[in-house]
1. What ranking do CYS158, CYS142, CYS190, CYS253 get, fewest neighbouring Cβ atoms within 10 angstrom at the top?
2. Which order results if SER171, SER200 are arranged by neighbouring Cβ count within 10 Å, fewest first?
3. For VAL241 and LYS143 in one chain, what is 0.36 nm times their gap in residues minus the Cα-Cα distance, to one decimal in nm?
4. Highest GNM mean-square fluctuation, the chain, Cα pairs closer than 10 Å: which of LYS38, LYS54, LYS170?
5. Expressed as a rounded percentage, what relative contact order does the chain have, with Cα pairs under 8 Å and six or more residues apart?
6. According to the square roots a ≥ b ≥ c of the eigenvalues of the Cα gyration tensor, what is the shape class of segment 84-218, taking rounded for a/c under 1.5, prolate for a/b larger than b/c otherwise, and oblate for the remainder?
7. Give the dimensionless ratio obtained when the Cα radius of gyration of the chain is divided by 2.2 N^0.38 Å.
8. Give me THR128, THR45 sorted ascending by neighbouring Cβ count inside 10 Å, so fewest comes first.
Amino acid sequence: MYGRKLIIFAIAAMAMMDVAVSQNQTYSANGVEFVMVKVEGGNFTMGNKSRRGKEKYKKERPSHNVTLSSYYIGQTEVTQELWAAVMGTNPANFAGGSRPVEQVSWNDVQLFIQKLNRLTGMNFRLPTEAEWEFAAQGGNYCKGYKYSGGSMDDVGWCAENSGMETHDVKSLEANELGIYDMSGNVAEWCNDWKGPYDGSIKHNPQGAAFGTYRVLRGGSWVDNAFQCRITARDSAKPEYVNKSNGFRLALSCDRVAK
């Protein structure tokens, strides 16, 4: 009887995931397709809940309750192929059409998004830091992994396994939502200004009202695994260019045609 219940539960979970995948949206820019994954809204704990290593986790605390509306996020980091299709150039250090674009500043990304939106008639944007973390956790399918989808060897390219370069997107396993490379490969720009957590309950938070640095999440090929944890936070000035920084897109649900 117990085994039968497990089978029924597994079938139900697979059916739910099939529904989630069917809600994904595919877009095209100058002939290059990319997929946006539907992230159903929900409630989650953002930040580091551990009571150990107080100074080590200082930027990730205090953990706090966040509620998000549904949204879409890129199945992969923006590739060099997509960047070149929109911008006409490829700034990446590690050349490869299916590798993530890097050596792009936060400001550069805003120009890319403006051009992409003109091409597609959509309103793509960068994810907020909260949207990024919820998607990295696996959204409402979260299994509580330290890295996005499982062990770092299975899901992400970091200093310990990357050979000190980027790799093609989708070359490792996806997380619970079918999203790739949210731990490692390239660190990802978010829309938010960098600011401390205050521990209060948040609803669709947008980050600090102003600041000097923009948020980066996920760690990269040059970072150790510790820096690629889901809750790890980093930041840089919006004009900063580095061969370990890239991004993925986001899209609000009210911007998607019915």
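Any read-out appearing in this document is the output of simple, stated calculations on the displayed coordinates, not a laboratory observation. Values in this document were obtained by computation on a predicted structure and should not be read as measured data. Methodologically, a virtual Cβ is constructed for each residue, glycine included, from the backbone with ideal geometry; neighbour enumeration extends over all protein chains shown.
1. Exposure proxy ranking, most exposed first: CYS253, CYS142, CYS158, CYS190.
2. By the 10 Å Cβ count, ascending, the order reads SER200, SER171.
3. My answer for the length gained is 31.9 nm.
4. Comparing LYS38, LYS54, LYS170 in the GNM, the peak value goes to LYS54.
5. Relative CO of the chain lands at 24 percent.
6. oblate
7. 0.98
8. With the sparsest Cβ surroundings first, the list reads THR45, THR128.
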